1. Tally up the carbon and sulfur contribution to the accessible surface of the stretch 349-428 as a whole percent, 1.4 Å probe, everything protein left in place.
2. Cross-link list 376/418; 72/111; 144/376; 104/357: which exceed 28 angstrom alpha carbon to alpha carbon?
3. Evaluate the relative contact order of the chain (contact order divided by residue number), counting alpha-carbon pairs under 8 angstrom at least 6 apart; express in whole percent.
4. Which ³J(HN,Hα) values in Hz, rounded to whole numbers, follow from the phi angles of the stretch 316-321 under the Karplus curve 6.51 cos²θ - 1.76 cosθ + 1.60, where θ = phi - 60° and Gly and Pro get x?
5. Please calculate how many Å² of accessible area the stretch 4-129 carries per residue, with a 1.4 Å probe and no DNA, RNA or ligand atoms counted.
6. How large is the charge dipole for the chain, taken about the Cα centre, if only the Cβ atoms of Lys, Arg (+1) and Asp, Glu (-1) carry charge, to the nearest 20 debye?
7. Once you mark the GluC sites (Glu not before Pro) that are in a DSSP loop and have at most 15 other Cβ atoms within 10 Å, what is the longest gap between them in the chain?
8. What whole-number value in Å² describes the accessible area per residue of the stretch 165-278 for a 1.4 Å probe?
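The values are calculated or read from the model by the stated rules, or taken from the named source; none is laboratory data. Since the model is a prediction, treat every value here as computed from it, not as a measurement. In this analysis, Cβ positions are derived from the backbone assuming ideal geometry, glycine residues included, and neighbour counts consider all displayed protein chains. Surface areas here come from the heavy atoms of the whole protein model, side chains and all, with no ligands, DNA or RNA. Shrake-Rupley method; radii C 1.70, N 1.55, O 1.52, S 1.80 Å.
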Amino acid sequence: MAFLDRSTPPAPYPVTDITLTAPRRHVLPNGIPLFVIDNPSLDLIHLTVEVGAGALHETPKHVLSFAYLLLKESSPKHSATEMDGLLDFYGATCSVSVTLESIKIKITFPKKNVADILPSIFEFLSTPHYREENLALYKSRRVKDLEYNSQKTNVRCSQLAKNALFGNKMAAGQFSTRENLMAVTIPQMEQSHRETFCAENIRMFATGNFDTELENCISQLFEQIPHGKRAAEIRDLALFEGVSSPVFEQMPDSVQSSIMICRTGPGYCDEQRRPLTILSTLTGGYFSSRLMQRLREKDGFTYGVYSDLTYFGNQSLFSISSDVNVQHTQAAIDACFEELDRLCREPIPDEEVEMVKHYIEGSLLRRVENSVSYLKQYDDWQSYGLDEREFQSMLQQVNDITAEELMDLAKIFFEHNKFTQIIVGNIL
């Protein structure tokens, strides 16, 4: 009996010349664009309503997120329990996520049930009736989460990074407290929803087995969204103002320290973004990255270390983060900087560059492998004024970039004095 040899990986094949089909674009009478990716085999319709306002637009803190995260409990005709039952009965879901720059409302429903459930969903999206009992319950949960998370070094590290990045003048940089959680009121939420849920602020993305009847049903509902004022663009933030490095918070009883090394970077539409994405991936963006091989495989400081780029406005945040044993806190930070230095000083082996290229190519393909994942990716592109052509542009960059170009970029971007260190835990 022959056995499959799993010790030798299959030969990789280059990914080239993949052209994506552009979604259909339909503009509702009130000006809201609806992008549709047709998929005749998908009767579970996926609809995303994106509101162009997020945590960076919020003031006071928590008001905007409360207004949207409590939508499902705020149907004008149904209690929270009744709405949950209605969604379950018709096989529908509705979830809300709040990012720095936008709010994404993701709705799924069987095509055959569109006329039965979508009007009820649209009611609480467009005309929510916030109830004091639901707000009180939600506040109670958030306060308990705050108390629990205050003991977690990685959560606190993320909070300190946002505070260092945006400062106390912006709600996104302010710390969550029991006081500002409890201070949110229904009139504030109503005003925040009214100001942001308007036609000028909304884009819609959908995929599934679309026909004229389904498209008309969606259009007839969402064309009722009133006009309003577009949220202000977030640009040129004064980041890391007055922050000395490192930022350290002691947790004497902690058995681990959470560390983050971060700096600002170019925006999503900057020419440097694509090569920097490749460099970030090689540095700490996948399991075979430099940092993972050093801190996990060689030194045994951690189970995982990651680098990432977070985009907002015309800027980004490059960060390296990890949870390490307290006795290795400083050694882990030193190791991170040593690996950044090596990328600046030592030529990157061609085989390492080829490996990261294959990984990124696979990641790009997974993001467009079906209509649902393509919908999410296209939504992300549209957030920065890009379209399906970005896929080929990124693919071309991956294929063309050389080890020398990555090293030159590292010399520019990995200067030590550009980084802020955030440490929560203990340094023994």
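1. Numbers: 1930 of 3810 Å².
Carbon and sulfur together cover 51 percent of it.
2. Values: 376/418 33 Å; 72/111 20 Å; 144/376 32 Å; 104/357 31 Å.
Correct reply: 376/418; 144/376; 104/357.
3. Working: 709 pairs, mean separation 88.1, N = 428.
21 percent.
4. Once θ is set to phi - 60°, the couplings for the stretch 316-321 become 8, 10, 9, 9, 10, 9 Hz.
5. Working: 6040 Å² over 126 residues.
That works out to 48 Å² per residue.
6. Details: 41 positive and 57 negative charges, 201 e Å.
Result for the chain is approximately 960 debye, rounded to the nearest 20.
7. Numbers: sites that count: 223, 233, 241, 271, 369, 415.
The reported range is 1-222.
8. Values: 5910 Å² over 114 residues.
Computed with neighbouring chains in place, this is 52 Å² per residue.
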